[in-house]
Each structure stands twice: as C-alpha cells, then as structure tokens.
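One structure below.
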Amino acid sequence: MLPTLEWTDAGVRLLDQKLLPGRVEYRLCRDYREVAAAIRDMTVRGAPAIGVAAAMGAALGARQSRAATVAALRGEFDEILAALAATRPTAVNLFWALDRMRRKFDAAAASGDAEAVRAALVAEAQRIAAEDIAINQAIGRHGAALLPAAGRVLTHCNAGALATAGFGTALGVIRAAVAAGKRIEVLADETRPFLQGARLTAWELQQDGIPTTVITDNMAGHFLRTGGIGAVVVGADRIAANGDVANKIGTYAVAVLAKENGVPFYVAAPTSTLDLSLPSGEQIPIEQRDAREVKEIQGVAVVPEGVAVFNPAFDITPHRYVSAIITEAGVARPPYAASLARLRAGAEDRGPRSGGGERSGAAPDGRG
Ligand code: MRU
C-alpha cells in the first residue's frame, strides 16, 4: 500500500485523495498553511490521517519559524496550532493531535532551547504517525474475531489505510480478518458526495486483492435485507461518552437498516476518537461543506442552477444502533458510558504506545 502521508526534509508529502483512483499523485506541502489547506480541501482526509497531518503541519511550522527564543517560538506556535485547528470541526483526532503537540512543546520548553523544542516536535509528529499504524493493527486484531468466517461485510465511506497513517480502522478489521483466513467479501457504499467508498475504499481493497463490490448508497437497505450481509463495520470521527457516533453522512441510515435486519453494526476507531467530555452526540459539531460538492460531479452540474442543496459531511448514529466499538484497547459493548470510560482509562494507563502490538491474545472486552 502506498503511504498516505510522510514527513520529509522538504515538507509533508500527501497522497492526493481528490485525484484517486484516476491519478496517483503526491502533493508536497512546504509550510503549515499548505498542510491546513490540504486538510480543508480533503487532499488528506479521514479522522486519524487528519490528526497525523496536523501534527506534521505543526512540526513543520515550528521548524520553519525563525524565532530565536522559546518564548518567541511559543507565540508563533500558538498561531500555527490555531490555523490547523480551524480546518475541519468534526474529527476530534485533529484536536487530540494538536493538543499532544502542545504538550510536547511545553515539556521540551523546560530545556530553554528553541532548537531542542523544534527537534522534539518533529520527533513527536513522526511518533504519532508510527503509533497510528500500530494502533490500527491492534484494532484489527481485536475486531477480526467479530466478523463472520465467510460472507459479506458492508462498509461506508473510507476508514482504511488512506484515512489513517496506514492499515486502517474499519478496513484494518477486514484486513486482519482476511489475514486470519476469513473469506470476506466487502460491499462498499459509494458514499456521496465525495465518493470515498467508490473511489478510495474500492481502490485500496483492490490493491490488497480483497474482493469488493461497490453499491450506491441507496442500495444499502436492499442488500441488508436480502444480501446475506454478516456484519457492518465503519469508522468514526468522534464518539461521545454515551457511545453516540459521528461518522460520514449516511452512516446513521445504514445503522438503522442494519438493526432492522438483525445485522451487527460495528464501529472501529482508536481511543483518540473518543470525546468523553461530550455526554452525547447532540454536542458533536457537524461540518457543513461547500454546496458545490453536491451540485457537481467532476465539474459537471447534476442539480439545476439556482436550486439549494444541503451538504452536512457527517451524521450522528445513536448508540442504541451500535453493537460494539472496537478500539486498540479492546472492544466496548453497551452500556457505553461505563465500557468506554474503562477503555479510555486502560489506554491512558498503558500510555500512548498502548496500541503498539505488545498486547496479544484475546481482545479485552469492555464489558463487565
Ligand atoms: O470527510 P472524511 O472523508 O474525512 O470522512 C471520513 C470518515 O467519515 C471516516 O469514516 C472516519 O474519519 C474514520 S477514518 C478511519
């Protein structure tokens, strides 16, 4: 799999997800403003990937600053963090990563050496990227057991290698299940309007040789009722304390249809996607994107000129539709208020490297 994003001496290198699958091109962001623009215009997208890109953008900004003292660097760093935070509001991983970079700044500032602070920030951004891959592999190990030994698994949007530093969350679960010998066939919702399912999920699973069939979003109910689907697995942009899940627009409809048809609905996400400060999904900010994304497909108008459209990028799936939440720290089951708090506490006890693969054996279950 081609890397989604990379730290290089010249800047942050991003696989341009606006161009896939037609063109495989990298965009080099030479300063933090270019990284912010790339997050906003979805050159890089997906909650964990946005977080990693923002961390790298923050490190890039600090490295390019000419500030000679830690105090001067701090002033500039605050502006850099604010610019990166203002890109996309829903995925909490963005704010989690920027917060971690700020804490690294504070810890390194004790040295009193601006160069040492810069070096620490560059190292921290690279660490966040490496950890993300390990965390996704741990999510995959925990989640693989939940998928059927053979059959169809439906997914919505792209929660794959492209949405992370590598391996993926929902697609990581599918990859791990396939690696464990399960015969999985993926049904990928096209995911209007940005087509993450048709363009990105289908592309990356094809690279891996995992059988994939694309369906339009309005076919999901039909296949959940008739199509022998053994499970649904999706990613998340933010999960509230009660287990309500913000994910790509259309996820809610899939979850309701899954429950109606007795199909388990799993959410796979790192613990950095948990926002336990929010009691429910009602408080999660939903990004509203440019109307042109709905009005046009590849520059061709599909809505009459002058007609209004809505374009919320995410929706909220109430926790009652969620069968389990798969994290690197284990699998949470209802009631989520208790199980997610336990998982978060466990992940914090083990430190940021908890997904690093040192845990083996059965997935610790958030129940009981
Ligand atoms: O608008 P996007 O493409 O950034 O939205 C992505 C999603 O909704 C993903 O499902 C989510 O971020 C999880 S990615 C591992």
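Please verify whether residue 151 is out of contact with any Lys or Arg (no Cβ under 7 Å at 6 or more places or on another chain), within 16 Å of the ligand (Cβ to nearest atom), touching a residue at least 40 places away in the same chain (Cβ under 8 Å) and not aliphatic (A, V, I, L, M), treating the condition exactly as stated.
It is false that residue 151 is out of contact with any Lys or Arg (no Cβ under 7 Å at 6 or more places or on another chain), within 16 Å of the ligand (Cβ to nearest atom), touching a residue at least 40 places away in the same chain (Cβ under 8 Å) and not aliphatic (A, V, I, L, M).
Looking at (1) under 18 Å from the mean Cα position of the chain (by Cα); (2) among the hydroxyl-bearing types (Ser, Thr, Tyr); (3) more than 23 Å from residue 172 (Cβ to Cβ), which is the one condition that is false for residue 4?
(3)
Among the numbered criteria (1) assigned to a loop (DSSP other than H, G, I, E, B); (2) within 12 Å of the ligand (Cβ to nearest atom), which single criterion is violated by residue 49?
Here residue 49 meets the rest and fails (1).
Identify, from the list 125, 116, the residue that is part of a helix (DSSP H, G or I) and under 28 Å from the mean Cα position of the chain (by Cα).
Matching residue, one of 125, 116: 125.
Which condition number in (1) part of a helix (DSSP H, G or I); (2) surrounded by fewer than 21 Cβ atoms within 10 Å (Cβ to Cβ); (3) not aliphatic (A, V, I, L, M) is the one that residue 96 fails?
Here residue 96 clears every test but (2).
Considering only residues that are farther than 18 Å from residue 126 by Cα and part of a strand (DSSP E or B), look in the range 3-46 and name the one that is nearest to the ligand (Cβ to nearest atom).
Out of the qualifying residues, it is 27.
If I filter the range 295-318 for residues that are under 22 Å from the mean Cα position of the chain (by Cα), more than 13 Å from the ligand (Cβ to nearest atom) and closer than 26 Å to residue 172 by Cβ, do I get at least one hit?
Yes, the range 295-318 contains at least one residue that is under 22 Å from the mean Cα position of the chain (by Cα), more than 13 Å from the ligand (Cβ to nearest atom) and closer than 26 Å to residue 172 by Cβ.
Residues in the range 295-318: is at least one hydroxyl-bearing (Ser, Thr, Tyr) and either under 27 Å from residue 198 (Cα atoms) or in a loop (DSSP other than H, G, I, E, B) (or both)?
The answer is yes, given that some residue of the range 295-318 is hydroxyl-bearing (Ser, Thr, Tyr) and either under 27 Å from residue 198 (Cα atoms) or in a loop (DSSP other than H, G, I, E, B) (or both).
What pairs can you find where one residue is in the range 286-302 and assigned by TED's automatic domain parsing to the domain that holds residue 198, the other is modelled with pLDDT of 95 or more and among the polar types (S, T, N, Q), and their Cβ atoms are less than 6 Å apart, with a gap of 6+ or different chains?
287/90; 289/311; 291/311; 293/311; 294/311
Evaluate the range 62-76: report whether one residue or more is at pLDDT 95 or above, among the charged types (D, E, K, R), closer than 23 Å to residue 157 by Cα and touching a helix residue (DSSP H, G or I) at 6+ places or on another chain (Cβ under 7 Å).
No, the range 62-76 has no match at all.
Check whether at least one residue in the range 53-69 is within 16 Å of the ligand (Cβ to nearest atom) and within 19 Å of residue 285 (Cβ to Cβ), and report yes or no.
yes
Does the range 139-159 hold any residues that are closer than 18 Å to residue 254 by Cα and touching a Ser or Thr at 6+ places or on another chain (Cβ under 9 Å), and which are they?
152, 155, 156, 157, 158, 159
Of the residues 230, 221, 181, only one is over 20 Å from the mean Cα position of the chain (by Cα) and closer than 30 Å to residue 342 by Cβ; which?
Step by step, each of 230, 221, 181 is checked, and only 230 is over 20 Å from the mean Cα position of the chain (by Cα) and closer than 30 Å to residue 342 by Cβ.
A quick yes/no check of all residues on (1) within 27 Å of residue 14 (Cα to Cα); (2) not aromatic (Phe, Trp, Tyr):
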| residue | (1), (2) |
| --- | --- |
| 160 | yes, yes |
| 168 | yes, yes |
| 177 | no, yes |
| 185 | no, yes |
| 195 | yes, yes |
| 199 | yes, yes |
| 203 | yes, no |
| 215 | no, yes |
| 218 | no, yes |
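Show me the strands (runs of 3 or more DSSP E) found entirely inside the range 160-268 where at least 3 residues are surrounded by 20 or more Cβ atoms within 10 Å (Cβ to Cβ) and within 16 Å of the ligand (Cβ to nearest atom).
183-189, 229-234, 238-240, 245-248, 265-268
Do we have any residue at all in the range 274-290 that's over 22 Å from the mean Cα position of the chain (by Cα) and crowded, with 16+ Cβ neighbours inside 10 Å?
Looking for residues that are over 22 Å from the mean Cα position of the chain (by Cα) and crowded, with 16+ Cβ neighbours inside 10 Å, one finds none in the range 274-290, hence no.
Suppose we keep only residues that are touching a residue at least 60 places away in the same chain (Cβ under 8 Å) and not polar (S, T, N, Q) within the range 82-99. Which one would you say is nearest to the ligand (Cβ to nearest atom)?
Top of the filtered list is 91.
Yes or no, residue by residue, for (1) modelled with pLDDT of 95 or more; (2) touching a Phe, Trp or Tyr at 6+ places or on another chain (Cβ under 9 Å):
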| position | (1), (2) |
| --- | --- |
| 302 | yes, no |
| 315 | yes, yes |
| 324 | yes, yes |
| 330 | yes, no |
| 339 | yes, no |
| 343 | no, no |
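Only one of 129, 109 is buried (at least 21 other Cβ atoms within 10 Å of the Cβ) and out of contact with any Leu (no Cβ under 6 Å at 6 or more places or on another chain); which?
On inspection, the qualifying residue turns out to be 129.
The values are calculated or read from the model by the stated rules, or taken from the named source; none is laboratory data. What you are looking at is a predicted structure, and each value in this text was computed from that prediction instead of being measured. Note that each Cβ is placed from the backbone with ideal geometry, even for glycine, and that neighbours are counted across all protein chains shown.
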